[in-house]
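**Student:** After the structure tokens below, expect a handful of questions from me.
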Amino acid sequence: MKFKFVKESHVRSCLKFEKTISRFFFLMWATLFLALLSVTSANVYADPQSKSYSVWDVDESSVAASFSITAREITRLPEAFNADLSAVLAQYLTKQLSVKGCELDDDIKALRAPSGYVRVEIQFNCTAPITQLEISNHAFFNLAPGHLHYAQVRWPGHDSEERLFSRFKMIHQVSLSGTDGVGVGDSSNEDSNTFAAYVTFGVEHILIGTDHIAFLLTLLLLIRSFKEVVFVVTGFTLGHSITLCLSTLGLATPNGALVESLIGFTIALVAAENIAARIQRCSTVGWFAAVGLLSLAAMSLWFGQQGMAISLVGLAIFTLCYFMLSSDEEHARKMRPLITASFGLIHGFGFSSVLMEVGVPKDSLLSALFGFNLGVEIGQIIIVAILSLCGFVVFRLFSKQRYLMVDVMSTLLLAVGSYWFLGRAFLII
């Protein structure tokens, strides 16, 4: 009997391959489990897409507030079942909105709104001339913890001001200087006031934008040097600045629902790349993702959604090519600035949708646009600095578990990104 000896290096290679495959399938099953858990407990998670808008027109002794929100957000209210959504919203807002020193008028009107939205107008009567407006807004924050409300305050003869409401800040004050209608000064002073207001608005928006923070975290997981951080931030800045300007100036009109869905897709795709590139199985993951997207395309086609099917086929082709280019971790890191710039184009449309909903003063368009973009950059730098510092400390303390922590974080982000992508595309969350 002859014995055939196997080289020890071959044995180690086989064991390494088996370990990689088992880890890969464990991560994929964990992702599936987390995605299903997210879908079945959607009310537990903050919904970064839950938004509402209002315009406050201030007169000498009265305030008219036009409040707009999507119809699906109103369905969070128990009273909305088989009821007139405008009436439900009006009744709800009477208990959630207030203006200091003013009384609510009982006459609430339903206004014409874009498709999928509900809009009502509420009037407040004040006993004395308004010199400072204090708005208290508690609407929908207890129903959707991630809810954001964008308010624009206008009064004759003055620049409008914007405020961002969240569950962390539900009361805002707006000083109405120069209420005699003369104005606030020369044009340069008006531009500077608008610029400062929109810088603050941009910072607040990015710091509360859960999906944008998740995307930045996903990008930073494979980065190991300050130089790479600079390249990634620069790429993202260039990408979103281009589309933000194009959209705000009216040169491009994106589909808001599609953009929100694609933002979730970018998070899931980069998170999957983090795992695949590190275990050098990009081709396998690419084919797996492409088949999944093609299956969704076939399902959409079956239900008569031809447009969705075409979009999913395009995403499947893009995903396969994307993973073929990311052969390993080193190659993935080198490609990251270019990929970040490309995905930044999508996130820029997301920023612009918020800016357009709030409204931009035509007389100070450039000041508002540049200020908002600068505010987004400041907020982004703050987030990147905090995430990088936390990552440096954690990876130094747990250097032996670095790869495990990257895999776990990427898996969680993959689940969250997939949830946002599928939910926004099909469930309209």
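Where a number appears in this text, it was derived from the coordinates with a stated rule and is not lab data. The structure presented is a predicted model; accordingly, all values stated were derived computationally and were not measured. Counting neighbours? That spans all protein chains shown, and the Cβs are built from the backbone with ideal geometry, glycine included.
**Student:** How do 302, 420, 56, 155 rank when sorted from fewest to most other Cβ atoms within 10 Å of their own Cβ?
**Tutor:** Least crowded to most crowded, the residues run 302, 155, 56, 420.
**Student:** Based on other C-beta atoms within 10 Å, arrange 109, 227 from fewest to most.
**Tutor:** Fewest-to-most Cβ neighbours within 10 Å comes out as 227, 109.
**Student:** Now for a separate question. Tell me, how many Å apart are the Cα centres for the range 88-129 and for the range 369-417?
**Tutor:** Each part reduced to its Cα centre gives a spacing of 40 Å.
**Student:** Report the extension gain between residue 107 and residue 426 in nm, rounded to one decimal, defined as 0.36 nm multiplied by the number of residues separating them, less their alpha carbon distance.
**Tutor:** Gain on stretching residue 107 to residue 426: 111.1 nm.
**Student:** Then there is this: Non-local amide H neighbours of residue 62 (under 5 Å, H modeled in plane, Pro and chain starts lacking H): which ones?
**Tutor:** 126
**Student:** Can you figure out the FRET efficiency of residue 283 with residue 334, using R₀ = 22 Å and their beta-carbon distance, to the nearest 0.05?
**Tutor:** 0.75
**Student:** Mind checking the full-extension length gain between residue 252 and residue 381? Use 0.36 nm per residue of separation minus the Cα-Cα distance, one decimal, nm.
**Tutor:** 43.8 nm
**Student:** Still on this structure, please answer the following. Counting other beta carbons within 10 Å of each Cβ, put 162, 103 in order, fewest first.
**Tutor:** 103, 162
**Student:** Assuming 0.36 nm per residue, please report the length gained on full extension of the stretch residue 125 to residue 170 beyond their Cα-Cα distance.
**Tutor:** Result: 14.1 nm gained on full extension.
**Student:** Further question on the same structure: Here are some pairs, 169/334; 51/227; 227/400; which of them have Cα atoms lying more than 30 Å apart in this structure?
**Tutor:** Exceeds cut-off: 169/334; 51/227.
**Student:** In whole Hz, what ³J(HN,Hα) sequence does the range 394-408 give by Karplus (6.51, -1.76, 1.60; θ = phi - 60°), x for Gly and Pro?
**Tutor:** The phi angles translate into 5, 5, 6, 6, 10, 5, 6, 9, 4, 5, 5, 5, 4, 5, 5 Hz.
**Student:** While we're on this one: Between residue 295 and residue 405, what FRET efficiency comes out of the Förster formula 1/(1 + (r/R0)^6) with R0 = 30 Å and r the beta carbon distance, rounded to 0.05?
**Tutor:** 0.45
**Student:** Determine the relative contact order of the range 51-184: mean sequence separation of Cα pairs under 8 Å and six or more apart, normalised by residue count, in whole percent.
**Tutor:** The value is 28 percent.
**Student:** Using θ = phi - 60° and the Karplus relation 6.51 cos²θ - 1.76 cosθ + 1.60, list the HN-Hα couplings for the range 303-310 in order, rounded to whole Hz, with x at every Gly or Pro.
**Tutor:** After applying 6.51 cos²θ - 1.76 cosθ + 1.60, I find 8, x, 9, 5, x, 4, 4, 5 Hz.
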